[in-house]
Amino acid sequence: MNRTYTKLIPLLVLLIIPAGVIAQSPASKPGWEEMTSVEDLYALYPEKVNFIFQHLDLDREGLEKVRQAYENGNSIQAGKRLLDYYQTSEIKNRVSVNVPGVSNATVPAADSIVRDIITIQRVSDQIPRLENGHLDWHHTGPENDLEYAWLHNRHSTVSTMLRAWYDTGNPKYARHIDHYIKDWIISSWPYPLVASRTAMWRGLEVRGRARSWMPVFYNLMDTGYLSPATQLLILSSLPEHAHYLRNFHGGGNWLTMEILALATVATAWPEYKKAPEWLEYSIGTMAESMKEQVYPDGVQTELTSHYHRVALSSFDQFLEIKNLADISLPDFYTDTIEDMWNYLAVTMRPDGSGVLNNDSDRTYNRELIKRAAASHNREDWLHIASNGESGTEPVGGPSFVFPWAGQVISRSGYGPDAHWSFFDIGPWGSGHQHNDKLHLSVSAFGRDLLVDGGRFAYRGELANRFGRYARSSFSHNLVLIDGKGQSPGPRIGREPVPETSYKITGEYDFASSSFSDFIDLEGEGHHTRSLFYVRGEFWVVVDHIKTDRPREVETLWHWHPGSSVTEGTNGLVATANPRGNLSIIPAGQTDWNIEFIKGREEPDVQGWYSSEYNVYEPNTVSIHRSRIDSDQAFVWILYPSEGAAPDVKADIVSRDSDAVEVRVTLPDEGQWNIKVPFFNTAEAGMDYTSTGL
């Protein structure tokens, strides 16, 4: 994230928090598992029942009987009348769905949860139970990864069980939800009242529970499966969740997720005294956050496709709050959401997946974009998502530039076999960054060919093995100078990349940028990469190195694990796949020393790929090494082919301090003369001569 907004509340502030917020039960008591009725709850935890009424606006219309019972000192009766009120509340009528018919049908994922087997990011483990019957909510899984404990406490498991109940009507799933939430709430006491990184009280987990409990509360409350005791426990815990979200929320993506949850509590349970204040704060904070963390071109400032989607989801779901609470949002809010969807749509690969960059997964977005196209009435998105079979062709495509993000997407078209590439010429990013400026990914003929290394894991044994590699230049398609990778760059772009850095025409795309801050590099070393894409044909990559002394230069090409990679003559490296291939053809007479590495961990990590969190496999990296005495420009032709590649000839016609002229010849087809400048887009251009029959 670009900033941290976690608030450290001074002692004075803590002293003025209402006493009801601090009153907590210190630990579990015998009999908690059998506790189902209001009477049971009051017998074990009377302070929790009273805590609810301290936070409700008992003067609200409809709560007259609740107030009367509570003021008469009958908290049990007040609790029952409160649940009666929610049975017929307006919110319940608006968000509840039809109760499914009872059956014995099962869902394997939900059955595992019932057996305390929890799967987090593809890692499964049986959660231990303590002597008092509670789950060990601090259990970090088989790899001792705190992420496992955090995500378990986020309660996506509740959503899985609720969906299983919707789909099957099997009572065991709904009953387990009751026990599971009751278990968590009692285990969570006392609420810490401070910003926390514990398994149970961190902002993203608070957010997850508030969002997942809402449909449980309103859909199970009159089924007999969610006990009155658990319903009241939820109502007692929500003010604590709201207090945390209001006072200790993070910044950036965390803020959008946590403020969305605060607004959810405020609108789904408007009976709380502070609900209007929570909602007002949520609206203002969410709008300001959108201005801060989304560039004018619609890209979230972390410049990470995965977290762009996370932020968009929160912003988009806030529109549900708008409809539920009948509030208004500024016009720019809905316009920005559309821009964010547009980014996901036009950057999507032909196979329907998104960009794998920074801390991202290779996420499948096709169906998501189709739904967004329908809701936003965008026929151009539908055209992309349907591989050109439906909708209307986007204006200005098929290639696109996001100048604030500094990302260039080159395409040959929208069909399933189209060429696609991602080129990074922008800032480092406000969070989840990798040291990968000038990285290039390439796909063609339905196959990934050149890839980003991915993110592997954030914590635990896998992160210890591969985390540093994932974030470094060594897992990207970049140039190393004297074995040194890139340092972190500027987090935020204060202006778009210059228009002289890119050009999109009907026949070709051009983009260029530079990097010069290499970790611990002695002296001056400067890398400029220029990309020239001849639409529907091939890419030309020019790496211009400026140096004040002799250097060893290494150019890394990371291949998708599904590709078989071979070395040819004169420095050529190519895949030998049954379908969908890429040849990397060096132009000029450089004496290359080529090394292939796959799945190495010692003496340093190289040749690994992670398509999603906690998933990894070895992949081939081809490294072209050369010694240079002074400034040098290396020229590469990246030629995609459906089957075996033709005999492509590449020659450097001329080069100087400003540009390279390249001649690419394809027998029986044609010849391209291409000028690739290092800096000035206006100088980029090409001529084509057909030699075909």
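The values are calculated or read from the model by the stated rules, or taken from the named source; none is laboratory data. Because the structure is predicted, anything quoted here is derived from the model rather than measured. No Cβ is skipped: glycine too gets one built from the backbone with ideal geometry, and neighbour counts run over all protein chains shown. Areas reflect the complete protein model, heavy atoms only, side chains present, ligands, DNA and RNA absent. Shrake-Rupley method; radii C 1.70, N 1.55, O 1.52, S 1.80 Å.
Could you quote the convex hull projected area for the stretch 403-456, Cα atoms only and averaged over all directions, in nm²? Dividing the Cα hull surface by four gives the mean projection, 4.4 nm². Applying the criteria of a DSSP loop state and at most 16 other Cβ atoms within 10 Å to the chymotrypsin sites (Phe, Trp or Tyr not before Pro) of the stretch 415-500 yields no site. Based on the Stokes-Einstein relation at 10 °C and a viscosity of 1.306 mPa s, and on the Kirkwood radius from alpha carbon pairs, the stretch 435-585 is assigned a translational diffusion coefficient of 92 µm²/s. With Rh defined as the Kirkwood radius, the inverse of the mean 1/r over Cα pairs, the Rg/Rh of the stretch 298-453 is 0.97. Its alpha carbons considered, the stretch 222-304 gives a radius of gyration followed by a Dmax of 15.7, 50 Å. Shape of the stretch 359-400 from the C-alpha gyration tensor: oblate (a/c of 1.5 or more and a/b not above b/c, with a ≥ b ≥ c the square roots of its eigenvalues).
Extent along the principal axes, Cα only, for the stretch 258-378: 50, 28, 23 Å, with the longest axis given first. With the convex hull drawn over the C-alpha atoms of the stretch 275-321, the volume per residue is 69 Å³. For the stretch 52-95, the share of accessible area belonging to carbon and sulfur comes to 35 percent (1.4 Å probe, ligands and nucleic acids excluded).
Percent of accessible area on the stretch 478-548 owned by carbon and sulfur, 1.4 Å probe? Here it works out to 45 percent. Taking all protein chains into account, the per residue accessible area for the stretch 131-232 stands at 28 Å² (1.4 Å probe).
For the stretch 559-693, the fraction of 1.4 Å probe accessible surface lying on carbon and sulfur atoms is 43 percent.
In the calculated pair distance distribution of the stretch 576-693, what percentage of Cα-Cα distances lie above 23 Å? Counting every Cα pair in the stretch 576-693, those more than 23 Å apart make up 49 percent. Over all directions, the projected convex hull of the C-alpha atoms in the stretch 34-155 averages 10.9 nm² in area. Quick check: from the Cα gyration tensor, does the stretch 298-338 come out rounded (a/c under 1.5), prolate or oblate? Oblate shape, in that a/c is at least 1.5 and b/c is the bigger or equal ratio. Kirkwood radius and radius of gyration were both taken over the C-alpha atoms of the stretch 375-518, and their ratio Rg/Rh is 1.01.
Projected onto its three principal axes, the C-alpha set of the stretch 154-259 covers 40, 26, 20 Å, listed from the longest axis down. Heavy-atom accessible surface of the stretch 498-601, averaged per residue, reaches 41 Å², computed with a 1.4 Å probe. With protein chains left intact and a 1.4 Å probe, residues in the stretch 30-83 average 49 Å² of accessible area per residue. Please state the shape class of the stretch 376-418: rounded when a/c is under 1.5, otherwise prolate if a/b exceeds b/c and oblate if not, all from the C-alpha gyration tensor. Oblate is the answer for the stretch 376-418, as a/c is 1.5 or above yet b/c matches or exceeds a/b. Per the Cα gyration tensor, the chain maps to an equivalent ellipsoid with semi-axes of 55, 25, 23 Å, ordered largest to smallest. Annotation: peptides 510-523, 29-42, ranked by per-residue average of other Cβ atoms within 10 Å with the highest first, follow the order 510-523, 29-42.
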